[in-house]
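Peer 1: Before we start, here is the structure in question, set down as structure tokens.
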Amino acid sequence: MKLELGKILIHDICFAEKSEIRDGVLYVSKEELEKIVMQEEGIQSVSFDIAKPGESVRITPVKDVIEPRVKVEGPGGIFPGMVAGVETVGSGKTYALKGMAVVTAGPIVGFQEGVIDMTGPGAEYTPFSKTLNLVMVCTPVPGLEAHDYESAVRLSGFRVAAALGELARELQPDETVVYECSDLKESFEKYPGLPRVAYVQMLQSQGLLHDTYVYGVDAKKILPTLLYPTEVMDGAIVSGNCVSACDKNPTYIHENNSVVEDLFAQHGKTLNFVGQIVTNENVYLADKERSSNQTAKLCRMLGLDGVIVSQEGFGNPDTDLIMNCKKIEAEGIKTVIITDEYAGRDGKSQSLADADVAADAVVTGGNANELVILPKLDKVIGTLAYINKIAGANAETLREDGSLAVELQVITGATNETGFGRLSAR
Amino acid sequence: MVKEIERAGIPVVHMCTVTPISMTVGANRIIPAIAIPHPLGNPALTPADEKKLRRRLVEKALKALTTEVDGQTIFKD
């Protein structure tokens, strides 16, 4: 499986009469995009805004962040099973608009979504203060149920990102990276001396708007399965969640998974990157046991030497993480787990809800309970109406001077568990 | 909480969905519950069936409370 990823560098975004990309500038017609969003019956209105790195802008409540892409050659389309058919993606040629993102915002439930600051201390914690953000704030039709509102905003975000990606179809990429992975037999023959390593990605699937989709399938309904790691670059996995936004994977992070990226960088040099296993984090104990059993079984079937496991979220998924780690280690396969910590504001409490001696190689994305003060910014895209209710805030969060006293938990991507954020520890 | 109450000499039954966490934190009498969002109920059942389920869980917990245990025990049935 070989994918050429062409990068179209975007240096600026402006609103214009006609949507197009010219000399690295993305011109966006609000009218054209509005028509796309209004395909969803549940959405009453949408407003678009642009937030640039360094501007005094706070975006909240943030639902998802999406990188626009387009499939130029090869089977399928971007975001298969969502806004494209269900062909297997991950081969041929794909173009990505780099340096920008579509951010979907609006109070779906209010307490689950995140915050992106484009400047100040908050900007240091979110990777999305570095992207030019086209923000869409969707208002639902009166009486729309939260889960229908979530679905409408999710799908419109993908449609808008796919439409913007489409503008790049005839362009020449500024740079191209080629990702190639072989089938098992070929890779074992090709790299006989290298350790066989796979990536086990745990997907948030707790329901009640904490969901992730694989080729359009709700991840809580999957048995663990195998992907070529290039499939995620075409949007095979997308986000339907953002609760405690610091350690959830927006769609952008699925498209640009750091573990996949880094394993590819070492593929054929220090290791043989065999593939990607996706599993879930469900709310029934039997599901947790079944999924971790199946994950360990797949690792054994692949004849692996090592596995990197990334978690999404915290709390009871810590048990899924530890079960995966223990069971894979029990197959004689070395594991490294990537998680984050809820160790209290002073960092002195137990970091994870579960533990085991097999988890002896752990990478942290930071302590989500750490308290930060985010100064008042000049402009808010979305609304501050829910800021005191968002996970990681409290009744005293919004202070008299307009600043926010919040835990890192509220900041989109701050303690990301695929290594996409900036925090860690030695 | 389980450990502190037991330290005061009162036996405790911990009803929880993720029993491995209960084991990790050191509960002695553990009853597996239904699911994390609804440990002692099941919205998929009819109200009448759900009431039966809830009664069964409480009775099981009371039985566990009066059962002598030799170390950490998960009461599966």
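The values are calculated or read from the model by the stated rules, or taken from the named source; none is laboratory data. In this text, all values refer to a predicted model and were calculated from it rather than measured experimentally. Every residue, glycine among them, receives a Cβ derived from its backbone with ideal geometry; neighbour counts consider all protein chains shown.
Peer 1: Can you name the residue in the range A:225-247 that is crowded, with 24+ Cβ neighbours inside 10 Å and more than 13 Å from A:Phe79 (Cβ to Cβ) and is also farthest from the other protein chains (Cβ to nearest Cβ) among such residues?
Peer 2: Only one residue tops the list, namely A:Thr230.
Peer 1: A further question follows. As an exercise: evaluate A:Glu170 against (1) in contact with a strand residue (DSSP E or B) (Cβ under 8 Å, 6 or more places away or on another chain); (2) modelled with pLDDT of 95 or more and give the number of the one condition it does not meet.
Peer 2: (1)
Peer 1: Tell me, yes or no, whether the range B:18-38 has at least one residue that is closer than 26 Å to A:Phe314 by Cα, among the basic types (Lys, Arg), buried (at least 16 other Cβ atoms within 10 Å of the Cβ) and in contact (Cβ under 8 Å) with a residue 24 or more places away in the chain.
Peer 2: Yes.
Peer 1: Okay, moving on. Being within 14 Å of another protein chain (Cβ to nearest Cβ) and either charged (D, E, K, R) or more than 28 Å from A:Asp318 (Cα to Cα) (or both) narrows it down to one of B:Lys60, B:Lys3, so name that one.
Peer 2: B:Lys3
Peer 1: Might you let me know whether the range B:43-56 holds any residue that is of a type in the set (A, V, I, L, M, F, W, C), touching a strand residue (DSSP E or B) at 6+ places or on another chain (Cβ under 7 Å) and away from chain A (no Cβ under 13 Å)?
Peer 2: no
Peer 1: Restricting attention to helices (runs of 4 or more DSSP H) lying wholly within chain B, give those where 3 or more residues are closer than 26 Å to A:Gln206 by Cα.
Peer 2: Fully inside chain B and qualifying: B:19-25, B:47-65.
Peer 1: I'd like the full set of residues that are in a loop (DSSP other than H, G, I, E, B) and over 19 Å from A:Ala343 (Cβ atoms), limited to the range A:297-331.
Peer 2: Across the range A:297-331, the qualifying residues are A:Leu302, A:Gly303, A:Leu304, A:Asp305, A:Glu331.
Peer 1: Condition first: among the acidic types (Asp, Glu) and either closer than 25 Å to A:Glu67 by Cβ or in contact with a Pro (Cβ under 8 Å, 6 or more places away or on another chain) (or both). Can you find one or more residues in the range A:189-198 that meet it?
Peer 2: Looking through the range A:189-198, none of the residues is among the acidic types (Asp, Glu) and either closer than 25 Å to A:Glu67 by Cβ or in contact with a Pro (Cβ under 8 Å, 6 or more places away or on another chain) (or both).
Peer 1: What's the total number of residues in the range A:81-95 that are closer than 20 Å to A:Tyr213 by Cβ and out of contact with any Pro (no Cβ under 6 Å at 6 or more places or on another chain)?
Peer 2: 8
Peer 1: Here are A:Asn367, A:Asn324: which of them is at pLDDT 95 or above and within 14 Å of another protein chain (Cβ to nearest Cβ)?
Peer 2: A:Asn324
Peer 1: Looking at (1) surrounded by 21 or more Cβ atoms within 10 Å (Cβ to Cβ); (2) in contact with a strand residue (DSSP E or B) (Cβ under 8 Å, 6 or more places away or on another chain); (3) assigned to a loop (DSSP other than H, G, I, E, B), can you tell me which one A:Thr339 breaks?
Peer 2: (3)
Peer 1: Starting from residues that are over 17 Å from the mean Cα position of the chain (by Cα) and in a loop (DSSP other than H, G, I, E, B), keep the ones in the range A:210-228 and report whichever is farthest from B:Ile36 (Cα to Cα).
Peer 2: Top of the filtered list is A:Tyr228.
Peer 1: Here is a follow-up. Identify the residue in the range B:11-27 that is facing chain A (nearest Cβ under 7 Å) and of a type in the set (Ser, Thr, Tyr) and, among all such residues, is nearest to B:Gly41 (Cα to Cα).
Peer 2: So, considering only residues that are facing chain A (nearest Cβ under 7 Å) and of a type in the set (Ser, Thr, Tyr), the one nearest to B:Gly41 (Cα to Cα) is B:Thr17.
Peer 1: Considering only the range A:271-305, state which residues are closer than 30 Å to A:Leu194 by Cβ, surrounded by 16 or more Cβ atoms within 10 Å (Cβ to Cβ) and hydrophobic (A, V, I, L, M, F, W, C).
Peer 2: Within the range A:271-305, A:Leu271, A:Phe273, A:Val274, A:Ile277, A:Val278, A:Ala296, A:Leu298, A:Cys299, A:Leu302, A:Leu304 qualify.
Residue by residue, here is whether (1) modelled with pLDDT of 95 or more; (2) under 21 Å from the mean Cα position of the chain (by Cα) holds:
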site	(1), (2)
A:Ile36	yes, no
A:Ser47	yes, no
A:Pro68	yes, yes
A:Lys71	yes, yes
A:Phe79	yes, yes
A:Thr94	yes, yes
A:Ala101	yes, yes
A:Thr104	yes, yes
A:Ile108	no, yes
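Peer 1: A further question follows. Given the criteria crowded, with 22+ Cβ neighbours inside 10 Å, farther than 27 Å from A:Ala330 by Cβ and without any contact (Cβ under 8 Å) to a residue 60 or more places away in the chain, does A:His254 qualify?
Peer 2: yes
Peer 1: Further question on the same structure: Out of the range A:97-127, which residues are part of a loop (DSSP other than H, G, I, E, B) and at positive phi?
Peer 2: Listed by number, the residues that qualify are A:Gly99, A:Gly106, A:Gly110.
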